[in-house]
Amino acid sequence: MRKAFIIVISVSAVLFTLWYMHFGSVTENSGALSVTGLSHPVYFTIWGILTFCGIFSNLLFAYKKFLPKQNFQYIFFVLSAVGMILTLAFDFDYSLYFQYILHCLGSLLFSVSTAGCVFLLFFLNFGKSKMFKIFTVIIGAVLIIDLGMLLIFKETALIEVVPVLFALIILPVLNFTSFFKDKEYASR
């Protein structure tokens, strides 16, 4: 039942994110998810809840499966939840400066906490298989490149969504397939 829930919420979050992006230009600042949320606050809230639930249901499952003695992921979970609540509760509207600051702080807290939790999951499993090694490097590269793009081009839906979609796709693959297990070959 838990497996089905996690897969359904992950697929729903991916599909809803792709659909939600159509309201703005994916390559312009005016199409940033938070900016689109000013015109479509209910959809923005649904997107935020689906995204948070999709990523963290997978993360908590993965930590329990691959790193059962670790507990620090719960700190990331709480920080990320607080970040998402601030992001959804306050408008990305510069004319409401205090709300704008709280929204941005929430978004930053969600992003950093979630990215840190995902990266550490793979990094701490680095020695378990070649796929963990490869994806630790890929995740690190995605996060660094995305940060660079964010600093250069500011917020765009495409820049914001790449790490989110990556997490929503790779985490269920990690949790529910054998993709990350090394294959054992019969000796001759």
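The values are calculated or read from the model by the stated rules, or taken from the named source; none is laboratory data. In this text, all values refer to a predicted model and were calculated from it rather than measured experimentally. Here the Cβ positions follow ideal geometry from the backbone for every residue, glycine too, while neighbour counts run over all protein chains shown. Calculation scope for accessible area: heavy atoms of the full protein, side chains included, ligands and nucleic acids excluded. Shrake-Rupley method; radii C 1.70, N 1.55, O 1.52, S 1.80 Å.
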Task: Hits in the range 1-25 - residues which are open to solvent by less than 50 Å² (accessible area, probe 1.4 Å) and either of a type outside the set (Phe, Trp, Tyr) or not in a helix (DSSP H, G or I) (or both) - done: Ile6, Ile9, Ser10, Ser12, Ala13, Val14, Thr17, Met21, Gly24, Ser25
Open item on the list: Considering only the range 145-155, I want to know if a residue exists there that is touching a helix residue (DSSP H, G or I) at 6+ places or on another chain (Cβ under 6 Å), of a type outside the set (Phe, Trp, Tyr) and open to solvent by less than 40 Å² (accessible area, probe 1.4 Å).
Closed with: yes
Task: Candidates Phe5, Phe77, Phe52 - the one that is at pLDDT 95 or above and in contact with a Leu (Cβ under 8 Å, 6 or more places away or on another chain) - done: Phe77
TODO: Evaluate the range 7-22: report whether one residue or more is farther than 19 Å from Leu165 by Cα and of a type in the set (A, V, I, L, M, F, W, C).
DONE: no
Task: Criterion: within 18 Å of Leu174 (Cα to Cα) and surrounded by 16 or more Cβ atoms within 10 Å (Cβ to Cβ) - qualifying residue of Ser57, Ser34 - done: Ser57
TODO: Please specify each residue of the range 97-117 satisfying the condition of being touching a Leu at 6+ places or on another chain (Cβ under 7 Å) and touching a residue at least 24 places away in the same chain (Cβ under 8 Å).
DONE: His103, Gly106, Leu109, Ser113, Ala115, Cys117
Task: Hey, Phe44 aromatic (Phe, Trp, Tyr), open to solvent by 20 Å² or more (accessible area, probe 1.4 Å) and either under 16 Å from the mean Cα position of the chain (by Cα) or over 18 Å from Pro163 (Cβ atoms) (or both) or not - done: no
TODO: Spot the failing condition for Val78; the list is (1) more than 29 Å from Ile152 (Cα to Cα); (2) within 15 Å of the chain's Cα centre (by Cα); (3) open to solvent by less than 70 Å² (accessible area, probe 1.4 Å), and only one is missed.
DONE: (3)
- [ ] Return a yes/no flag: does the range 63-76 have any residue that is charged (D, E, K, R) and either touching a Lys or Arg at 6+ places or on another chain (Cβ under 9 Å) or within 23 Å of Leu151 (Cβ to Cβ) (or both).
- [x] no
Open item on the list: On the basis of being over 22 Å from Ser80 (Cβ atoms) and open to solvent by 30 Å² or more (accessible area, probe 1.4 Å), does Ser178 make the cut?
Closed with: yes
